[in-house]
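Chemist: Input: one structure, supplied below.
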Amino acid sequence: MLQFLLTICDEQYHSRIEYIYNRFHIDMFRFARDKFISMNSYNPELDAEDAVQRAYLRITQYIDKLEFPIHDNKLKCYAFSVVLHEVLRISEENTKNLPLREEIFVDDGYNIIEDIDMSLMYEDVVKAIEDLDLVYSVTLLLRYESGLSPKEIAEMMEISEKTVYTRLSRGKKMLRDALKGE
């Protein structure tokens with residue numbers, strides 16, 4: 001994987017890609033696998049591998065935008081947020097490609113239309129979060145998707161807890177505004 005990443009990016013960024021890969025690859029895989037396990041994925045190992053590979057492709061695509069040197073916690077936060085986005089995308093793809101089974105058609109009071117509406121709303125929210133500025137996107141995902149407390153986010157990102165609350169507040173306002181337009 002690393003060799004492939006190095007072939008698709010400019011030579012001036014090779015050291016950055018190598019550093020991120022060597023420093024975070026195993027942790028990114030474990031994080032993705034744990035997310036897929038908690039989502040009851042059919043094959044969490046393969047899905048995690050896919051998510052990490054996609055994440056590295058995305059990181060490589062935007063490696064020139066990262067300001068180096070960067071503190072490990074901020075870089076880790078960035079890498080994990082990219083993996084989390086890919087986990088959500090793969091999970092969404094997996095739910096769209098579920099095989100039809102007979103149990104789906106049994107009338108047990110389950111309203112599939114409501115479920116589809118909720119799924120579409122979830123997709124809209126995830127897309128709107130991804131479209132936000134990275135600072136707000138990462139903060140919102142760490143808080144609401146990963147379930148980290150503001151204090152944990154502050155420690156991870158090496159910012160004050162007040163800054164986390166400000167980013168959450170502004171991010172939610174931007175998210176509300178973005179979703180009102182749809």
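Laboratory data are not the source of any read-out in this text; all were calculated from the coordinates shown. Note that the structure is predicted; figures quoted are calculated from it, not measured. Please note: Cβ atoms are built from the backbone with ideal geometry, for glycine as well, and neighbour counts cover all protein chains shown.
Chemist: Where does the charge balance sit around K74 when Lys and Arg score +1, Asp and Glu -1, over other residues with C-beta under 14 Å from its C-beta?
Modeler: Values: positive: R16, R23, K65, K76, R167; negative: E67, D72, E155, E158.
Neighbourhood net charge equals +1.
Chemist: Net charge near C9, counting Lys/Arg +1 and Asp/Glu -1 over other residues with Cβ under 10 Å of its Cβ?
Modeler: -2
Chemist: I've got another one for you. Applying 1/(1 + (r/R0)^6) with R0 = 41 Å to the Cβ-Cβ distance of Q3 and E130, what FRET efficiency is obtained, to the nearest 0.05?
Modeler: 0.90
Chemist: I'd like to know which of I37, A51, S15 lies farthest towards the positive end of the charge dipole of region 1-72, counting +1 on Cβ of Lys and Arg and -1 on Cβ of Asp and Glu.
Modeler: I37
Chemist: Please list, by residue number, every one of the chymotrypsin sites (Phe, Trp or Tyr not before Pro) in region 36-93 that is coil in DSSP and has at most 14 other beta-carbon atoms within 10 Å.
Modeler: Answer in residue order: Y42, Y62.
Chemist: Further question: Could you give the Stokes-Einstein D for region 1-72 in µm² per second, using the C-alpha Kirkwood radius, 20 °C, 1.002 mPa s?
Modeler: D = 166 µm²/s.
Chemist: Below 15 angstrom from the Cβ of R23, what's the summed charge of the other residues (Lys, Arg +1; Asp, Glu -1)?
Modeler: So the environment of R23 carries a net charge of +1.
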